[in-house]
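Every number in this text was worked out from the coordinates using simple rules, so none of it is lab data. Nothing here was measured: the structure is a model prediction, and the numbers come from that model. Here Cβ is always computed from backbone atoms with ideal geometry, including for glycine, and neighbour counts include all displayed protein chains.
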Amino acid sequence: MARTSQAVSTGSLGAKSGTTGAMRLSHELEGWLRGDGDKTLGGLIDLFEERSFAILFLFLLGPSALPLPTGGVTQVLEVIAIVLALQLIANRDCVWLPRRWEALDLGGDKQARLLRGLMTLCGDWSESRDRV
């Protein structure tokens, strides 16, 4: 299935001194959440293209790192992460998901808040790592 790509101008990797990849990613994600585009999982994959592998790994495996009882939800997310990893092993350029999953809405208040929280944690971790 061919994907249509939405152009996002992020500049060159070294364009802004003092910024990290995680911070640029968080800004792009925030812009996507506030913009008029498609707020589905498929829209996120279309926007970030190859980088969507890393973003999905973060969202799928991030909850496993939290010291909270999850009631078995993390095991389901880990199985999905294994399927994603198999796609990387198979040398796929873009993430394949079933159409039903691609239509998953990420634009609601709870979903957007979760995405912003994960990206904030990522940015904080990245900044503390750069100071060391």
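Work from the charge dipole of the stretch 21-127 (Cβ charges, +1 for Lys and Arg, -1 for Asp and Glu, about the Cα centre) and give the residue of Trp32, Ala85, Thr70 farthest towards its positive end.
Of Trp32, Ala85, Thr70, it is Thr70.
Just rank Thr120, Thr40, Thr74, fewest to most, by other beta-carbon atoms within 10 angstrom. Show your work: numbers first, answer last.
Numbers: Thr120 13, Thr40 16, Thr74 19.
So the residues, fewest neighbours to most, are Thr120, Thr40, Thr74.
Taking each pair of distinct Cα atoms in the stretch 21-127 once, what is the resulting Kirkwood hydrodynamic radius in Å?
The Cα-based Kirkwood calculation yields 14.5 Å.
Given H placed on each backbone N at 1.01 Å, which residues far from Thr40 in sequence or on other chains put an amide H within less than 5 Å of it?
Result for Thr40 returns Leu106.
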